[in-house]
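Working notes for the structure below.
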Ligand SMILES: Nc1ncnc2c1ncn2[C@@H]1O[C@H](COP(=O)(O)OP(=O)(O)OP(=O)(O)O)[C@@H](O)[C@H]1O
Ligand SMILES: [Mg+2]
């Protein structure tokens, strides 16, 4: 591999190089030729044991954009985003076909260090999953995996991450209290802070608001809006309004009688929502199935 950033030898100091982004909400997305591809997926199929869950996926996740993954239950959205940082391998006997590149590097190269990969490509799950340790230690967790830092520096990292996740004001006086004492919405923002603390380039979010009430959902959406310039985000959502509010590109996945989970259509969110090319996309967005 040419770029060492996913290999075992860590080089922890690189800065994020981020492309200019736009503010979304059904405004025209930047043209693909103006964008850098953060993750390039080609002919991707994935099997749990012998069961093929997704097949033939081709998609570019653009740097500095929010890409929404939508589609009916069971069409492979979670499977797809878990393949993007190889968390899918924790599911046991699995098989991947095709290629996934992260800024030109094959993430399935045997030299790839999985901790390092997941540091660059972080993930936030549907159900908030804070560790049963303090708020501070949750945020510091990922950094500590890669070595010790002086307390002053760590304090600053924790504060910055919590501010980025719009949680600092609510927790700054109880950093040493257990994370399990936070509300669900706070726990989810803590999980986002934990993911952001290690400065990933890509943040994968699998229905991050599905366990949250409308106010907490709004906070997470505002957070995504504020992070969009700094990170590349891929978010799975069942909420069409949410997809149209937060994303600039949308991928519609589905299954049908003859095919397991596959990508039906991908394009700028405004086009997918207002002028989808595929009838199935239109039917799904209009709520006629799924
Ligand atoms: N660990 C697993 N072992 C075996 N099959 C699985 C596993 N996880 C998911 N599947 C199957 O893979 C297919 C895709 O599931 P996946 O969870 O990716 O769908 P999804 O689009 O995220 O659905 P939802 O919207 O309900 O979250 C489904 O048929 C599911 O039953
Ligand atoms: Mg899912």
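Tell me which residues, restricted to region 92-129, are farther than 21 Å from residue 38 by Cα and crowded, with 21+ Cβ neighbours inside 10 Å.
Answer for region 92-129, where residues must be farther than 21 Å from residue 38 by Cα and crowded, with 21+ Cβ neighbours inside 10 Å: just 128.
Looking at residue 247, is it within 25 Å of residue 85 (Cα to Cα), surrounded by fewer than 20 Cβ atoms within 10 Å (Cβ to Cβ) and under 16 Å from the mean Cα position of the chain (by Cα)?
no
Among the residues of region 189-234, how many are within 16 Å of ligand 2 (Cβ to nearest atom), in contact (Cβ under 8 Å) with a residue 40 or more places away in the chain and either under 14 Å from the mean Cα position of the chain (by Cα) or surrounded by 22 or more Cβ atoms within 10 Å (Cβ to Cβ) (or both)?
Of the residues in region 189-234, 6 are within 16 Å of ligand 2 (Cβ to nearest atom), in contact (Cβ under 8 Å) with a residue 40 or more places away in the chain and either under 14 Å from the mean Cα position of the chain (by Cα) or surrounded by 22 or more Cβ atoms within 10 Å (Cβ to Cβ) (or both).
Quick check on region 251-258. Is at least one of its residues under 22 Å from residue 100 (Cβ atoms), in contact with a helix residue (DSSP H, G or I) (Cβ under 9 Å, 6 or more places away or on another chain), within 16 Å of ligand 1 (Cβ to nearest atom) and at pLDDT below 95?
no
Taking the residues in region 58-91 that are more than 21 Å from residue 122 (Cα to Cα) and surrounded by 23 or more Cβ atoms within 10 Å (Cβ to Cβ) as candidates, determine which candidate is farthest from ligand 1 (Cβ to nearest atom).
Among residues in region 58-91 that are more than 21 Å from residue 122 (Cα to Cα) and surrounded by 23 or more Cβ atoms within 10 Å (Cβ to Cβ), the one farthest from ligand 1 (Cβ to nearest atom) is 71.
Report yes if residue 135 is modelled with pLDDT of 95 or more, touching a strand residue (DSSP E or B) at 6+ places or on another chain (Cβ under 6 Å) and within 17 Å of residue 196 (Cβ to Cβ), otherwise no.
Working: modelled with pLDDT of 95 or more: yes; touching a strand residue (DSSP E or B) at 6+ places or on another chain (Cβ under 6 Å): no; within 17 Å of residue 196 (Cβ to Cβ): yes.
No.
Quick check: anything in region 21-37 at pLDDT 95 or above, in contact with a strand residue (DSSP E or B) (Cβ under 9 Å, 6 or more places away or on another chain), buried (at least 22 other Cβ atoms within 10 Å of the Cβ) and not in a loop (DSSP other than H, G, I, E, B)?
no
With the structure loaded, tell me whether residue 208 is within 22 Å of residue 136 (Cα to Cα) and within 16 Å of ligand 1 (Cβ to nearest atom) or whether it fails that test.
It is true that residue 208 is within 22 Å of residue 136 (Cα to Cα) and within 16 Å of ligand 1 (Cβ to nearest atom).
What number of residues within region 43-98 are within 11 Å of ligand 2 (Cβ to nearest atom), more than 14 Å from residue 264 (Cα to Cα) and part of a helix (DSSP H, G or I)?
Final tally of qualifying residues: 4.
The values are calculated or read from the model by the stated rules, or taken from the named source; none is laboratory data. Remember, it's a predicted structure, so these values are computed and weren't measured experimentally. Cβ: placed from backbone, ideal geometry, glycine included. Neighbour counts: every protein chain shown.
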